[in-house]
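First the structure, in the form of structure tokens, and then the observations on it.
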Amino acid sequence: MWLLWSQLALAAAPAPSVEALVTPDGAYVLRVSPEQAWLSAEVSVAGAAASDVGPQGVGAELVVEGDLPQPGTMWITVSAALSDSHGVSWVFSVEPQVVPMKSPRMRRLAEERRCWLRRKGRS
């Protein structure tokens, strides 16, 4: 019975789209786009005090910036009032991944290919 109720609750309140960018020094930019209009909302990142972000429309992009106290998993809590008598909360876990600015391997492979073509007598 609980499983059925939780599936109905998920269908009634679609989760927002959440995107996070974290710099090496711990500064973050969080973008939240609701899939349903919110009368009011709060966002909390990494256990910090919740920030009141006010009402949000469907597809509006909400931007929250801050600094992480320590590197690692980033816990994001979004709480929203959907109506006067209905509210919902979502919890997201984000594990930051290091993305290099450019790929040194691809450059090296391109240089190796040019050298191979010169050795074969082709230019």
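Quick notes
- Scanning region 63-95 for residues that are closer than 19 Å to A27 by Cβ and in a loop (DSSP other than H, G, I, E, B) returns L68, P69, Q70, P71, G72, T73, E95.
- Selection count, region 50-82, where residues are closer than 17 Å to L21 by Cβ and of a type in the set (G, A, S): 2
- Strands (runs of 3 or more DSSP E) contained in region 11-62 and holding at least 2 residues under 21 Å from Q97 (Cα atoms) and in contact with an Asp or Glu (Cβ under 7 Å, 6 or more places away or on another chain): 27-33
- Residue within region 96-109 that is aliphatic (A, V, I, L, M), in a helix (DSSP H, G or I) and either surrounded by 10 or more Cβ atoms within 10 Å (Cβ to Cβ) or at pLDDT below 90 (or both) present: yes
- Yes/no for S89 being of a type in the set (S, T, N, Q) and surrounded by fewer than 11 Cβ atoms within 10 Å (Cβ to Cβ): no
The values are calculated or read from the model by the stated rules, or taken from the named source; none is laboratory data. Small disclaimer: the values here were computed from a predicted structure and weren't measured. Quick reminder, even Gly has a Cβ in these numbers, built from the backbone with ideal geometry, and neighbours come from all protein chains shown.
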